[in-house]
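The values are calculated or read from the model by the stated rules, or taken from the named source; none is laboratory data. For clarity, every value in this text was computed on a predicted model and none was experimentally measured. With ideal geometry, Cβ positions are generated from the backbone for all residues, glycine too; neighbour counts draw on all protein chains shown.
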Amino acid sequence: MIRRIVFASIPRPDLAVSEVPRIISKSRINNERDGIGGVLVFTGGDFVQVIEGTPERVDACWERIRSDPRHHSVEPFLDMPDEEPWFPEWRVGYLYDEDFTRRIASWRSRSGSMSPEELHEMRMLLAATDAY
């Protein structure tokens, strides 16, 4: 059994774009070490992330993420157990698209009340952003 958390956050206004590759690099190291899978998508205005793994490891990762001062409005909109991960390997994507930004806002407003079809659509959209 794994735990999956999907959340969005907003980068701090003074976060330099050059900081994003550092975030990605450090995340890759930490997630590989901790057995965390998932995906991180940066839109230029939002971060959206899926973290998956054993409940204990996800709890620890979630606490680090929530206390990271480089972003704010860290809002989970999905927290669920599952048998299999959506993203067994940790991936990174970049997608600047107004429709995607609107979808993020919609996901935030749904807060865990998504149908299986909507969950599938979220998973496919996040997978399509994989860039690294």
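Given (1) modelled with pLDDT of 90 or more; (2) among the basic types (K, R); (3) surrounded by fewer than 18 Cβ atoms within 10 Å (Cβ to Cβ); (4) in contact with a strand residue (DSSP E or B) (Cβ under 9 Å, 6 or more places away or on another chain), identify the lone condition not met by R4.
(3)
Checking P88 against (1) exposed (fewer than 14 other Cβ atoms within 10 Å of the Cβ); (2) within 20 Å of L119 (Cα to Cα); (3) modelled with pLDDT of 90 or more, which test does it fail?
The failed condition is (3).
Any idea how many residues of region 32-82 are in a loop (DSSP other than H, G, I, E, B), crowded, with 18+ Cβ neighbours inside 10 Å and touching a strand residue (DSSP E or B) at 6+ places or on another chain (Cβ under 7 Å)? Working first, answer last.
We begin by selecting, within region 32-82, every residue in a loop (DSSP other than H, G, I, E, B); these are 35-36, 43-46, 54, 67-70.
Remaining after also requiring crowded, with 18+ Cβ neighbours inside 10 Å: 36, 43, 46.
Then keep just the ones that are touching a strand residue (DSSP E or B) at 6+ places or on another chain (Cβ under 7 Å); that gives 36, 46.
Counting residues in region 32-82 that are in a loop (DSSP other than H, G, I, E, B), crowded, with 18+ Cβ neighbours inside 10 Å and touching a strand residue (DSSP E or B) at 6+ places or on another chain (Cβ under 7 Å) gives 2.
Looking at (1) hydroxyl-bearing (S, T, Y); (2) at pLDDT 90 or above; (3) more than 23 Å from M124 (Cβ to Cβ), which is the one condition that is false for S25?
S25 satisfies every listed condition except (2).
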